[in-house]
1. Pairs, please: C-beta under 9 Å, at least 6 apart or cross-chain, first residue at negative phi and in the range 14-42, second surrounded by 10 or more Cβ atoms within 10 Å (Cβ to Cβ)?
2. Which is free of Cβ contacts under 8 Å to residues at least 12 places away in the same chain and touching a helix residue (DSSP H, G or I) at 6+ places or on another chain (Cβ under 9 Å), of Leu66, Leu126?
3. Does Ile119 qualify as being among the hydrophobic types (A, V, I, L, M, F, W, C) and farther than 29 Å from Ile144 by Cα?
4. Would you point out which residue out of Ser79, Ser91, Ser58, Ser96 is over 23 Å from Ala42 (Cβ atoms) and part of a loop (DSSP other than H, G, I, E, B)?
5. Looking at the range 108-117, can you tell me whether even one residue there is surrounded by 14 or more Cβ atoms within 10 Å (Cβ to Cβ), within 22 Å of Phe43 (Cα to Cα) and among the hydroxyl-bearing types (Ser, Thr, Tyr)?
6. If you take the residues of the range 100-118 that are under 18 Å from Leu76 (Cα atoms) and hydrophobic (A, V, I, L, M, F, W, C), which of them is nearest to the chain's Cα centre (by Cα)?
7. Restricting to the range 86-105, and then to whatever is free of Cβ contacts under 8 Å to residues at least 24 places away in the same chain and in contact with a strand residue (DSSP E or B) (Cβ under 9 Å, 6 or more places away or on another chain), can you tell me which residue is surrounded by the fewest Cβ atoms within 10 Å (Cβ to Cβ)?
8. Considering only residues that are at pLDDT 90 or above and either farther than 20 Å from Thr128 by Cβ or hydroxyl-bearing (Ser, Thr, Tyr) (or both), look in the range 53-83 and name the one that is surrounded by the fewest Cβ atoms within 10 Å (Cβ to Cβ).
Amino acid sequence: MVVQDSKMLDGFTLIELVMALAIIGGSFLTLLYMRTDAVDRAFNYNHLRLVERVARESLDEVAFGLSEGLDGMAQLPGSDSTSEGWPWSASVTDLSTEETGPRLLEITLTLEYPGPDLINTEEYVLTTRVLVEADDPLATNAQIQNSYPDGGGF
């Protein structure tokens, strides 16, 4: 004959219930943190893509002779022409080793853009090399670099 304890009840104790709530709460907090972290990383990635796009467009304008100078204001995509853009400046260096013929130019563009806190500015530097004719306006204003004293380097 088996005697059953009359005080034994089916169900959860208060400690088990509190522990289950603590585990579920911790899981929700972890998921919330992961979501906010993913949103922050996505925002930073999209912002960096915008910076790279604006810098590339400005660099292309300089390289193809569409820009009137070696500095200016880059307009943001989707903004009107009256809004302020981001300031940029470029420098052109002649890397050619020969006195005549096509010129190998290195164009370095520095774009200043607002940082994540929107108070301080950061710089994004982008460089490209182009081959132009000797009489190209970009080649006539380029600084000559003497990095190949022996005449070689290619």
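The values are calculated or read from the model by the stated rules, or taken from the named source; none is laboratory data. Note that the structure is a prediction, hence the values are computed from the model and not measured. Ideal geometry is used to build each Cβ from the backbone, glycine not excepted, and the neighbour counts take in all protein chains shown.
1. Every condition considered, the pairs that remain are Ala20/Phe12.
2. Working: Leu126 fails: free of Cβ contacts under 8 Å to residues at least 12 places away in the same chain.
Checking each option against the conditions leaves just Leu66.
3. Values: among the hydrophobic types (A, V, I, L, M, F, W, C): yes; farther than 29 Å from Ile144 by Cα: yes.
Against the criterion (among the hydrophobic types (A, V, I, L, M, F, W, C) and farther than 29 Å from Ile144 by Cα), Ile119 qualifies.
4. Values: Ser79 fails: over 23 Å from Ala42 (Cβ atoms); Ser91 fails: part of a loop (DSSP other than H, G, I, E, B); Ser58 fails: part of a loop (DSSP other than H, G, I, E, B).
Going through Ser79, Ser91, Ser58, Ser96 in turn, the sole match is Ser96.
5. Within the range 108-117, one or more residues are surrounded by 14 or more Cβ atoms within 10 Å (Cβ to Cβ), within 22 Å of Phe43 (Cα to Cα) and among the hydroxyl-bearing types (Ser, Thr, Tyr).
6. In the first step, residues of the range 100-118 are kept if they are under 18 Å from Leu76 (Cα atoms); the result is 109-116, 118.
Applying the additional criterion that residues be hydrophobic (A, V, I, L, M, F, W, C) yields 109, 111, 118.
Details: Leu109: 14, Leu111: 11, Leu118: 15 Å.
Ranking the candidates gives Leu111 first.
7. If we filter the range 86-105 for residues that are free of Cβ contacts under 8 Å to residues at least 24 places away in the same chain, which is where we start, we get 89, 96, 98-99.
Right, trim to in contact with a strand residue (DSSP E or B) (Cβ under 9 Å, 6 or more places away or on another chain) and you get 89, 96.
On the way: Ser89: 16, Ser96: 21.
If we take residues in the range 86-105 being free of Cβ contacts under 8 Å to residues at least 24 places away in the same chain and in contact with a strand residue (DSSP E or B) (Cβ under 9 Å, 6 or more places away or on another chain), then Ser89 is surrounded by the fewest Cβ atoms within 10 Å (Cβ to Cβ).
8. Per the stated criteria, the residue is Met73.
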